[in-house]
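Written below as structure tokens is the structure these notes are about.
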Amino acid sequence: MLTSWGTLSPANADQLSIPTNLTGGSGLQTLVPVNAAITSSGFISAQFNVSYNAAVLTATGAEPGTLAAGKNCSAEANTNTPGTVGVSLVCTGTITGNGELLRIVFNVIGAVGNSSSLTFVTNSCLLNEGNPTCTTANGSLSVVQSHTIGGKVIYYNGLATRPPLAQERPVRDVTVNLSGGFTSSIDTLTDGTYSIGALQGQINVQPRKRGGHNGAITSFDAAMVAQHLVGLITLNARQLIAADANGTGAVATNDASQIARFAISSITELKMEADCNTAFAFVPSATVVANQTLQQPNTDVRPPPTGPGCVYGEIRYNPLNVNATGQDFIAVLMGDVSGNWQPAAGALTASLSSVTQAASQATAKVSIGKKQAKPGSIVTLPISVTKAKGAIGIDIILQYDPAVLLPIEDIEKTVLSKHMTLEQNCEGEGLVRISLFGAEGLARSGTILRVPFLVVGEKKTTSPVEIVDALVDEKPTLTSNGQVSVK
Ligand SMILES: [Ca+2]
Ligand SMILES: [Ca+2]
């Protein structure tokens, strides 16, 4: 007696199938995937009819699936007959491989507990004009209760673990993207919270946020990277995320210089932000619920085969079957190794970073000299600091009158600062931006830089050289402005 191995498919037969375990939220729209397993050389058109229980579902349309992406496909649905939907997909590119061919859009009108079979009408399936041949496998959908996902996004504050409630800094305007069986997005509110309801099935929650650096990326952050690299400090796992500014998956000197160049506006975004469309990485910190898995962010954003590409922090539910609260994320601003980011721009002066402060607690002072100079000469103004012994990161922005002075991008370090890294940006009209950082701090106070200008003004003109912003180790300083008088 021969053993039956089941019905063999004819050669060149491609199978279309609908999953048998689908769920749809009562009162919601749901997408029913039609999957293709293509063993032929492919096809450019497909059409078929699917019958369903009209007391449970109402068909409203169809859209191309992931397998049809890039094949220039259009999908159409004939929804005139309740209980049967006619679907057609027409492409200019050939569809091959296995995956989601298209999605049929239904409204779920049945009550929780109802179900509907999703049955291919016999002999209705046609691929191209009948070659390759088509086999089908029917599916089903049950109506389930829909649920809500909510949580908040807070800042990491430089800490290895979640900040205590009293120290939480909410991150607003984070775009929380939902994907899976449902596509949507919502922004976090001022208190960092988000909530989205009427969800069911497979859901992925993935936050992203561009911009909103709020002045938190400074030379001090670059200096902390430098200190880590020589073993003076050890960055924690979340600081290491922030430190990998160029997205190589590892922390190196290039990261420190990229952070410093961002601090002086030589670059407008870190590589991570540019490549991955987010300035922050988001680490899941979620209350455990059923069917939940967490994906950690990966800072190695180099595309395959060198790196994995952008891997975002994400919370996944497959499927979501409870109201999920406490689905929180810890935000890490790329470049902010110290963790001093604050929710409002300009609020940094009130903050103390939760990591070790390197400099003395006394307020440092940054001063620039006053000089007289002849037209056409080069005048060099010294910048000095007091109460800055041990400082590892110094940010200074100078403002001058471009009708009188022209900066020469040749700022010099002094004996005191020669071991530090200097970045300078004279591109801004009337502005000189300076970053000075190093693993080893200043041995004492004194003159740290000499800033040369070409005198382009005529006799009896004067330009202030004003310190419009100065930070020593991310803390605001006292300042004393300079001046050049042309004689
Ligand atoms: Ca790196
Ligand atoms: Ca910082």
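Among the conditions (1) within 16 Å of ligand 2 (Cβ to nearest atom); (2) more than 30 Å from Ile392 (Cα to Cα), the only one that Val486 does not satisfy is (1). I'd like to check something: does region 248-257 contain any residue that is within 16 Å of ligand 1 (Cβ to nearest atom) and buried (at least 24 other Cβ atoms within 10 Å of the Cβ)? Within region 248-257 (the criterion being within 16 Å of ligand 1 (Cβ to nearest atom) and buried (at least 24 other Cβ atoms within 10 Å of the Cβ)), the answer is yes, since at least one residue qualifies. Restricting region 314-330 to residues that are open to solvent by 10 Å² or more (accessible area, probe 1.4 Å) and polar (S, T, N, Q), the residue that is nearest to Ser26 (Cα to Cα) is Asn321. In the set (1) surrounded by 24 or more Cβ atoms within 10 Å (Cβ to Cβ); (2) at pLDDT 95 or above; (3) of a type in the set (A, V, I, L, M, F, W, C); (4) within 16 Å of ligand 1 (Cβ to nearest atom), Leu235 fails one condition alone, (1). The single condition among (1) open to solvent by 30 Å² or more (accessible area, probe 1.4 Å); (2) more than 16 Å from ligand 1 (Cβ to nearest atom); (3) more than 17 Å from the chain's Cα centre (by Cα) that His213 does not satisfy is (3). Within 16 Å of ligand 2 (Cβ to nearest atom) and open to solvent by less than 30 Å² (accessible area, probe 1.4 Å): is that true of Gln206 in this structure? No: the conditions fail for Gln206. Where strands (runs of 3 or more DSSP E) fall wholly inside region 15-95, the ranges with 2 or more residues that are surrounded by fewer than 18 Cβ atoms within 10 Å (Cβ to Cβ) are 29-37, 43-51, 57-64, 73-78, 84-95. For region 431-465, a residue qualifies if it is surrounded by fewer than 16 Cβ atoms within 10 Å (Cβ to Cβ) and not in a strand (DSSP E or B), and the qualifying residues are Glu440, Ala443, Arg444, Glu458, Lys459, Lys460. Against the conditions (1) within 12 Å of the chain's Cα centre (by Cα); (2) within 16 Å of ligand 1 (Cβ to nearest atom), Val225 satisfies every one except (1).
A quick yes/no check of all residues on (1) more than 16 Å from ligand 2 (Cβ to nearest atom); (2) on the phi > 0 side of the Ramachandran plot; (3) at pLDDT 90 or above; (4) open to solvent by less than 10 Å² (accessible area, probe 1.4 Å):
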| position | (1), (2), (3), (4) |
| --- | --- |
| Ala263 | no, no, yes, no |
| Gln292 | yes, no, yes, no |
| Gln295 | yes, no, yes, no |
| Tyr312 | yes, no, yes, no |
| Val332 | no, no, yes, yes |
| Ser354 | no, no, no, no |
| Ala358 | no, no, no, no |
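Take the residues of region 170-192 that are surrounded by 16 or more Cβ atoms within 10 Å (Cβ to Cβ) and touching a Gly at 6+ places or on another chain (Cβ under 8 Å): which is nearest to Asn298 (Cα to Cα)? Filtering first and then ranking leaves Val174.
The values are calculated or read from the model by the stated rules, or taken from the named source; none is laboratory data. A quick note: this is a predicted structure, and the numbers were derived from the prediction, not measured. Neighbour counts are summed over all protein chains in view; Cβ atoms, including those assigned to glycine, are modelled from backbone coordinates with ideal geometry. When the accessible area is computed, the model is the full protein with side chains, heavy atoms only, and any ligands, DNA or RNA have been set aside. Shrake-Rupley method; radii C 1.70, N 1.55, O 1.52, S 1.80 Å.
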